[in-house]
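The next block holds one structure in the form of structure tokens; read it before the comments.
The values are calculated or read from the model by the stated rules, or taken from the named source; none is laboratory data. Fair warning: this is a prediction, and the values are worked out from it, not measured in the lab. Reconstructed Cβ throughout: ideal geometry from the backbone, glycine too, with neighbour counts over all protein chains shown. To get the accessible areas, we keep the full protein, side chains included, count just its heavy atoms, and leave off ligands, DNA and RNA. Shrake-Rupley method; radii C 1.70, N 1.55, O 1.52, S 1.80 Å.
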Amino acid sequence: PLIYNNYVVNKLMSVCLSNEEPELAIEIFEKIYSYRYLDVNPANYLLNSINNDADIQSIIKIKPVINSIDSKIPKYLPPNNYVCTTAIKAYGRLGLIDEALGLIDWYENLGDVDNHEDDNLNDDELVNQNNKPIMRQVDSYFLTALLYVCAKSTGQLSKPITRYIDKYIAKSTNNNLTTYQTNYQSNQLTKQQINQLIKQRYIYHTKQAEKIFFNDYPRRGLPYSIPAINSLMYMYAKKRDANAVLKLYELSKTLGLTCTVVTYGVIIKALLRSKNPKLQVKSFEILKSLPNLGITPGVEIFNQFLEFYSSTCNYKMAKKVLVLMSRTKPKVKPDVVSYGYLINCFAVSKKPKSALMIYYQMRQRNIQPNGFTYMGILKALSYLRDGRSAFLILREMEKYSEIDSNIDNNVDGKIDS
């Protein structure tokens, strides 16, 4: 019979993640290591039932495995950094950032540990030469995984299963916790209250990421890495804090770390959103310099510029971006998002014929337009006063079920982007 050790558990959890079933990885982790998020008041738990048929089927499939685990676990099976890092990824997939953050204190307070990661040693061997327990310490991979899930946090849960409202959120809104719990259970929370909770969660996760980066890494003597810097950069970019992003970039150069295409993509995103014309110009200079650094930007980075120039009606700079895409080796081809921004850029710049030429090129490449693209075409046709062609476009939109032909419902339009 299979005996569970950390290697087996980590593999089993990784398989669950690979099959897009992070909730099963979490259930295995919590079952084996008895992990509970200690910072949550039991009164905060709201919905423990599963309200999705697909989730129910997944749980049914894995239940026999989970229920049989008890008889196969060694008397004392301490987790290691690898298992905890996989658990962090699973919690992050579900948007359960607080559970992931709680793993630091829980893991380091477990007590003695085998320093050689040998899962088969007994309790008598889990001591050092002075007969003192070897305390657990998180490693850089552990902290980097935490930074990553914090960076991806939106303040919302990724799954429809909402398990609780954190007590720090309820307190920060100056409302009674019991009232919040009762209202949530009876679906009485207003949209404004929900948005307030989401905002508070996101602010908290940002502060926790800063604490990990600026306090936990130095205190533990762990080296910084580019993935760690990228994650914190990403959070600052979402906050439109370009100066903080540039400081982290300077830190990476000071440490002699090699920046990746992700690093420059985040820097460009922050500079474009900064509302500072000088920094926005600098972002384009960075884009042009990437080939000299041995970095080939992907279409996603070019799309950031096309989106920006579309929003500012700067069709001349949009053309320069297209030239850079064609000169990149290997050549970067526009995708449906690129065409959508280009068409809208020329349409709102009152260059309807150019917009239609781009649309024609797009159809020649057999790229299916999305709602945002169609809205750009309709704008261009409105400038040409071509009602017949506009009617044909509306008929074409009706052929695709994912695109609503009702213009009022397509104002936002950026379906794929």
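Out of region 246-273, which residues are open to solvent by 50 Å² or more (accessible area, probe 1.4 Å), closer than 20 Å to residue 291 by Cβ and among the polar types (S, T, N, Q)?
Answer for region 246-273, where residues must be open to solvent by 50 Å² or more (accessible area, probe 1.4 Å), closer than 20 Å to residue 291 by Cβ and among the polar types (S, T, N, Q): 258, 260.
Tell me, which residue of region 359-389 that is open to solvent by less than 20 Å² (accessible area, probe 1.4 Å) and among the hydrophobic types (A, V, I, L, M, F, W, C) is farthest from residue 333 (Cα to Cα)?
The selected residue is 381.
When you look at residue 306, is it more than 24 Å from the chain's Cα centre (by Cα), free of Cβ contacts under 8 Å to residues at least 60 places away in the same chain and surrounded by 13 or more Cβ atoms within 10 Å (Cβ to Cβ), yes or no? First the steps, then the outcome.
Numbers: more than 24 Å from the chain's Cα centre (by Cα): no; free of Cβ contacts under 8 Å to residues at least 60 places away in the same chain: yes; surrounded by 13 or more Cβ atoms within 10 Å (Cβ to Cβ): yes.
Taking the combined requirement at face value, the residue does not satisfy it.
Report whether or not residue 228 is in contact with a Leu (Cβ under 9 Å, 6 or more places away or on another chain), assigned to a helix (DSSP H, G or I) and surrounded by fewer than 18 Cβ atoms within 10 Å (Cβ to Cβ).
Considered against the rule, which asks whether it is in contact with a Leu (Cβ under 9 Å, 6 or more places away or on another chain), assigned to a helix (DSSP H, G or I) and surrounded by fewer than 18 Cβ atoms within 10 Å (Cβ to Cβ), residue 228 comes out as no.
So for region 325-340 (the condition being small (Gly, Ala, Ser), farther than 27 Å from residue 373 by Cα, over 25 Å from the mean Cα position of the chain (by Cα) and at pLDDT below 90), does at least one residue qualify?
Keep residues of region 325-340 that are small (Gly, Ala, Ser), which gives 326, 338, 340.
If we keep only those that are farther than 27 Å from residue 373 by Cα as well, we get none.
No: zero hits.
In region 1-55, which residues are open to solvent by 70 Å² or more (accessible area, probe 1.4 Å), among the small types (Gly, Ala, Ser) and at pLDDT below 50?
Hit for region 1-55 is 49, nothing else.
Regarding residue 318, is this residue under 19 Å from residue 284 (Cα atoms), over 27 Å from the mean Cα position of the chain (by Cα) and surrounded by 21 or more Cβ atoms within 10 Å (Cβ to Cβ)?
The answer is yes for residue 318.
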